[in-house]
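Trainee: Sharing a structure below in structure tokens format, with a few things to ask.
Just so it is clear, none of the values below were taken in a lab; they were calculated from the coordinates. Quick caveat, the model's predicted, so the values are computed rather than measured. Quick reminder, even Gly has a Cβ in these numbers, built from the backbone with ideal geometry, and neighbours come from all protein chains shown.
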Amino acid sequence: MEIDPRTFRKAMGCFATGVTVATVRAADGRLGGVTISSFTSVSLDPPLVLFCLDKKASDLEVFRAGSHFAIHVLRAEQKELSIHFASSKADKWAGIAQTPGIDGTPILSHCLAVYQCKTERIHDEGDHIVLIGRIVKLDYDAGGQPLVYFRGNYAEIA
């Protein structure tokens, strides 16, 4: 049975998910950042996470070249940050506050959680790559509400 990609996308939209931004710094100094919704834990011991990135993403090669990446769980009030990193702007970092994390990975301010990861593996799967990272540093805020995405729209938890 063939599954139409648009139908599959609509069906996946029924799964409410948190909104995250993945960031990276390649060895040559290039910075990358993308909004992602396909983020999940893989293992508690060792602490592993994964996210998926479209092979057409403008920052794909930066993520392939980086030794570390960070995942930022956005707060409900960070919708504009999500929209910003979902774009294909030439300079996504202009005017964006960040501090250097492990291996210079850009760390965004005021996020609900930040997972700094060492890239363990990259898999090519269909029209995406799957990046698996080992968490080497973790920060989170026990308060606050996450930004959520459901059926193609941003949402908040009531």
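Trainee: Treating only the Cβ atoms of Lys and Arg (+1) and Asp and Glu (-1) as charged, compute the dipole magnitude of the chain about its Cα centre; round to the nearest 20 debye.
Mentor: Rounded to the nearest 20 debye, it is 140 debye.
Trainee: Summing -39500 (n - 2.57) over the DSSP H runs of n ≥ 4 in the chain and dividing by its residue number, what mean residue ellipticity at 222 nm do you reach, to the nearest 500 deg cm²/dmol?
Mentor: The helix contribution divided over the chain gives -3500 deg cm²/dmol.
Trainee: Still on this model: Among H123, H72, rank each residue by its count of other Cβ atoms within 10 Å, from fewest to most, as a rough exposure measure.
Mentor: Sorted ascending by nearby Cβ count, the order is H123, H72.
Trainee: Report relative contact order for region 1-131 in percent, whole number only (criteria: Cα-Cα under 8 Å, sequence separation at least 6).
Mentor: It rounds to 28 percent for region 1-131.
Trainee: Which of R75, R25, R151, R6 comes first, and how do the rest follow, when ranked by fewest Cβ neighbours within 10 Å?
Mentor: R6, R151, R75, R25
Trainee: Restricting to lysine pairs 8 or more places apart or on different chains, what number in region 7-158 have Cα atoms under 19 Å apart?
Mentor: Total qualifying Lys-Lys pairs in region 7-158 comes to 7.
Trainee: Could I ask something else about it? In percent, how large is the relative contact order of region 73-128, given Cα pairs closer than 8 Å and 6 or more residues apart?
Mentor: 34
Trainee: Checking the a/c ratio against 1.5 first, then a/b against b/c, what shape does the Cα gyration tensor give for region 82-140?
Mentor: oblate
Trainee: From the Cα gyration tensor of region 1-76, with a ≥ b ≥ c the square roots of its eigenvalues, which class applies: rounded if a/c is under 1.5, or else prolate if a/b is larger than b/c, or else oblate?
Mentor: prolate
Trainee: For region 1-148, what is the convex hull volume of the alpha-carbon atoms per residue, in Å³?
Mentor: With only Cα atoms used, region 1-148 gives 126 Å³ per residue.
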